[in-house]
Structures are given as structure tokens and as C-alpha cells.
Amino acid sequence: PEELLSKFSDLGHRVVFSAEGFCWPDQRLATKYPEVHSGKRYLNSGGFMGFAPDLSAIIQQWKFKDNDDDQLFYTRIYLDQNQRVSWSKHFQTGSIRLTSNQNMLE
């Protein structure tokens, strides 16, 4: 746990998602992702961590059914620049940065 927390802290971001090489579940969103120079490009909601207030603010936006796709939910937030701007105004600790990171323990 200490190594994982240390790596997370070193990234300097409030929320970090894992990444994958395939844009799922909506491949039409692939062109909206920023280019990456190494690692994987697309958000994977199977692994993420962050500060509780920031994760709570994201999760509170869920207005779907329990069986709706969570990865699509997080992807839309990750790709929405307006969401990130509004969070930076809401939290006194600074902006929430969603970072798609291939593997924090490489």
C-alpha cells in the first residue's frame, strides 16, 4: 500500500484512472481522447483512485440505472473539458485532474 500511495502522490493529480489500448464501450469517442506519447490512451474504469471528496463529486453525478455502463459514464466526464473547469471552481484545493495512467507500479 505504501508504494501505491507514494506513486499516486508523485503524480500530483486528485484522481487517477487506469488506461487501456482499446476505446470501449463507444469507439466513436476515440478521436476525442488526447494523444499520448507512451502507454495506453483510453480510460479504463476498472481501476481508479483519488481523494474521497473528488471521487464523491464525480460519483454523485451518476443519474443512470444500476446496470448502465460505468466506463462510459467516467469516459464522458474525462472527455468533458467543461466538467474539469467547473470542478476547479468548486474545490478550494485546486482543480481535479483526471489522468489516465497505464500502470502506476511499473
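The values are calculated or read from the model by the stated rules, or taken from the named source; none is laboratory data. The model shown is predicted, which means the values in this text are computed figures rather than measured ones. Protein only, heavy atoms only, side chains kept; ligands, DNA and RNA dropped before computing areas. Shrake-Rupley method; radii C 1.70, N 1.55, O 1.52, S 1.80 Å.
For the range 25-84, the ratio of Cα radius of gyration to the globular rule of thumb 2.2 N^0.38 Å stands at 1.18. Taking 20 Å as the straight-line reach from the Cα of Lys40, the aspartates and glutamates in range (excluding those fewer than 8 positions away in the same chain) are Asp10, Glu20, Asp26, Asp70, Asp80, Glu106. Scattering from the range 1-57 was approximated by placing one identical point on each alpha carbon and applying the Debye formula without solvent; log10 I(q)/I(0) at 0.20, 0.30 1/Å stands at -0.87, -1.21. Ranking of Thr31, Thr75 by solvent-accessible surface, largest first: Thr31, Thr75 (1.4 Å probe, protein heavy atoms only, all chains present).
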